[in-house]
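**Q** I'd like to ask some things about the structure below.
The values are calculated or read from the model by the stated rules, or taken from the named source; none is laboratory data. A quick note: this is a predicted structure, and the numbers were derived from the prediction, not measured. Positions of Cβ are backbone-derived with ideal geometry, glycine not excepted, and every protein chain shown enters the neighbour counts. Side chains are part of the model used for accessible areas, which takes the heavy atoms of the whole protein and leaves out ligands, DNA and RNA. Shrake-Rupley method; radii C 1.70, N 1.55, O 1.52, S 1.80 Å.
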Amino acid sequence: MDTGLSGKHVIVTGASGGIGLEVTRAFLVEGAKVTGTYKRSAKPFDDIKRDWPDHFIHLKVDQTSEDDVRDLFDAANRKFGRVDVLVANAGIANHEGRSIQEMSLEQWERTIRVNLTGTFLCSKYFFANLERLSDETASLILVGSTAGFFGEAWYVDYSTSKSAMHGMMMSLKNEIVHLAPRGRVNLVNPGWTMTPMAEEALTDKDMTRRILQTIPMRKTATPEDIAGAIIYLASDKLAGHVSGQTITVAGGMEGRVLFSQHEIDSFEN
Ligand SMILES: NC(=O)c1ccc[n+]([C@@H]2O[C@H](COP(=O)([O-])OP(=O)(O)OC[C@H]3O[C@@H](n4cnc5c(N)ncnc54)[C@H](OP(=O)(O)O)[C@@H]3O)[C@@H](O)[C@H]2O)c1
């Protein structure tokens, strides 16, 4: 099926991560030009650089820095022209869960700064690029999490940063059309996905059992599952009339297992 993405210029933030790398590859397969960002190491891009030398560039970006984000869009515009699609995917999660009483202000502010303020900055310069280089269509895809919908005990910093993506989407879908009349803003909420971010939890058998009890399909997602939803939303041919929508990619997840049988039994006694 022709997605119409060939020749489009896409920025994928956090392209060096588990989901970002697969999303980058999927856009390149569709014939798009991709500017991918990383923060620590460009090593994950070795294969992509070899396979798509003319369609891919990568840049080191800390999305908490406005200068970095401004430079990202300047460099991307110079190399491949107008950015047609932004996949705001970069994010962090603390590996260790903490109750709110034990969570430091520093941790809270760091998570909000990377996940929320960083997404704000990337969206801001994406829109500025749309204002400078006008065209009919554009697509912003925010990456949230099922944690933003169901909540996530011991990770209130992360779940709060992700639930804010909904408000951002609902506001920006009504702003983007002033810059690109057929512009669209949507949100993808992945559930548990096997990547470096979730590896520790998903290699813990008890934790995995707990997670799978809430998922009718009884499996976690692959990065390819998430990339599929993002490609769909980015495509004006497939999703040209879809804006302000959330696609949850989580195998039908119902929510959270809050207590084990043992904990319930000891509560009743
Ligand atoms: N995996 C899951 O189960 C899951 C579930 C729900 C939602 N998500 C969301 O999906 C997105 C991708 O997650 P993932 O699982 O692919 O995680 P990941 O493998 O840890 O990748 C995270 C990416 O974000 C980049 N990054 C981190 N801090 C940054 C900063 N300050 N500025 C710019 N980039 C930064 C990382 O760059 P470096 O690696 O170079 O540092 C990396 O490319 C995240 O927004 C995450 O919250 C993931």
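**Q** Would you mind pulling out the separation of the Cα centroids of the range 76-94 and the range 176-231, in Å?
**A** Their Cα centres are 19 Å away from one another.
**Q** Given a 1.4 angstrom probe, I'd like the percentage of the accessible area of the range 215-269 that is carbon and sulfur, rounded to a whole number. Spell out each step's value before the answer.
**A** Numbers: 1890 of 3460 Å².
With neighbouring chains kept in place, the figure for the range 215-269 is 55 percent.
**Q** Where in the range 186-269 are there GluC sites (Glu not before Pro) that are in a DSSP coil and have at most 10 other Cβ atoms within 10 angstrom of their Cβ? Please list the in-between numbers first.
**A** On the way: sites: E199, E200, E224, E254, E263, E268; in loops: E254.
Filter output for the range 186-269: empty list.
**Q** What's the Kirkwood radius of the range 187-237 in Å, using all Cα pairs?
**A** On the way: mean 1/r = 0.0826 Å⁻¹.
Kirkwood radius, the range 187-237: 12.1 Å.
**Q** Identify which of T193, T13, T24 has the largest mean-square fluctuation in a Gaussian network model of the chain, with springs joining Cα atoms closer than 10 Å.
**A** The residue that fluctuates most here is T193.
**Q** So what's the chain giving for Cα Rg divided by 2.2 N^0.38 Å, two decimals? Walk me through the numbers before you get to the answer.
**A** Numbers: Rg = 18.8 Å, N = 269, 2.2 N^0.38 = 18.4 Å.
Cα Rg divided by the expected 2.2 N^0.38 Å: 1.02.
**Q** Further question on the same structure: So what is the accessible area of the chain per residue, in Å², with the probe set to 1.4 Å? Let's see the in-between values first.
**A** Details: 13550 Å² over 269 residues.
Per residue, the chain has an accessible area of 50 Å².
**Q** Before rounding to the nearest 500, sum -39500 (n - 2.57) across all DSSP H runs of length at least 4 in the chain and divide by the residue total; then give [θ] at 222 nm in deg cm²/dmol. It would help to have the intermediate numbers written out before the result.
**A** Values: 12 runs with 116 residues, N = 269.
Only helices count here, giving -12500 deg cm²/dmol.
**Q** If you don't mind, another one. Say the cut-off is 20 Å between C-alpha atoms; which of K60/K124; K8/K162; K124/K173; K162/K237; K162/K219; K124/K162 go over it?
**A** K8/K162; K162/K237; K162/K219
**Q** Leaving ligands, DNA and RNA out of it, report the carbon-plus-sulfur percent of the accessible area of the range 157-196 at a 1.4 Å probe. Please list the in-between numbers first.
**A** On the way: 890 of 1530 Å².
Of the solvent-accessible surface of the range 157-196, carbon and sulfur hold 59 percent.
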